[in-house]
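The values are calculated or read from the model by the stated rules, or taken from the named source; none is laboratory data. Note that the coordinates shown come from a computational prediction; the quantities given were computed from them, not determined experimentally. Neighbour counts run over all protein chains shown; Cβ positions are idealised from the backbone, glycine included. Areas reflect the complete protein model, heavy atoms only, side chains present, ligands, DNA and RNA absent. Shrake-Rupley method; radii C 1.70, N 1.55, O 1.52, S 1.80 Å.
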Amino acid sequence: MMEELTISKRRIHWQNGLKHLLLILLCVFAIFPIYWMVISSFKGQTEIFNNSLLPSSFSPDNYTYALEHVDILGMTANTFFMAISQAVLQLVTAIMAAYALTRWKFPGSRLIYTLFALTWLVPIQATMIPNYTTLVGMGFRDSIVGVIIPNMASAFAILSLYPAFQSFPKALIEAGMMDKMSAPGVLFKLILPNIKSSIVSLGILLFINSWNEYFWPAMIVSDQGQATLQIGLRSFMSAELTSWGPLMAASVLASLPILVLYLLLQKQVIQSFVKWGIK
């Protein structure tokens, strides 16, 4: 009996060891590109393509070049304004839509919910040209506002918050109505405080998605003064030559705000990805 227990414990130890080894390998695969980006940002142009894991000498020249040729700070401010605006507006519209669809049952409510779901399946490439022509006609070409307007609402955000509103106890809503609370009062005093964690997690995910957006800002903005970080990174690439060292340096600088956000809100960021998944 003791021998069987010993064999079983050894098997469990081996299994745990293999699991930990697999996790370590996955972590290395995930972290290595980031490590290579940081190390390459300190390499000179002559050694940027070698396979050394460390540069012969750490030089800040790539960072100096990137800061001199691209307004990193201005683009960071533009990107932050765009991302926080889109995240807030998408949360507001999602809260209002999810509350209306779950609070009141009216003819066509299921159809509206289905249409929201279907719009989420439409690729952004299919709506780019109509949105572009509309915004140009409205005078929002080369404007951060032009980037934000088409993204004021998100079907993903609505569909994500719908279950939280749907599962909220109806008895509490009825009790609030008996206390003569208005519909906005029920929303802001009863429902939102109880699903605050879901809203915060979703807001973080929406912010990160907006921060990483490239295609639509690249289409609507050509003025460097209104450009986002992702458009700024493109300026280091051309058909003739790509300045890999400065590009890596600018990429490191562009990643710092999200890294700071993760360090400050590590628990909430992990919860947001676990709860809502990656878009």
Ser109 among the small types (Gly, Ala, Ser), modelled with pLDDT of 85 or more and open to solvent by less than 60 Å² (accessible area, probe 1.4 Å): no
Residues of the range 69-96 that turn out to be closer than 13 Å to Ala153 by Cα and modelled with pLDDT under 90, as a count: 0
Candidates Met177, Met181 - the one that is in the same structural domain as Trp216 (by TED's automatic domain parsing) and not in a helix (DSSP H, G or I): Met181
Some residue of the range 10-29 being at pLDDT below 75, among the polar types (S, T, N, Q) and either open to solvent by 100 Å² or more (accessible area, probe 1.4 Å) or over 33 Å from the mean Cα position of the chain (by Cα) (or both): yes
Test result for Asn209, out of contact with any helix residue (DSSP H, G or I) (no Cβ under 7 Å at 6 or more places or on another chain), at pLDDT 85 or above, under 26 Å from Phe168 (Cβ atoms) and of a type in the set (S, T, N, Q): yes
Residue among Ala249, Ala239, Ala218 that alone is of a type outside the set (Lys, Arg), surrounded by fewer than 16 Cβ atoms within 10 Å (Cβ to Cβ) and at pLDDT 85 or above: Ala218
Elements of type helices (runs of 4 or more DSSP H) contained in the range 71-173, each with 2 or more residues being touching a residue at least 12 places away in the same chain (Cβ under 8 Å) and under 27 Å from Ala183 (Cβ atoms): 72-103, 109-121, 155-166
Cβ-Cβ under 7 Å pairs, at least 6 apart or on other chains, the range 41-62 side surrounded by 10 or more Cβ atoms within 10 Å (Cβ to Cβ), far side of a type in the set (Lys, Arg) and assigned to a loop (DSSP other than H, G, I, E, B): Pro55/Lys43
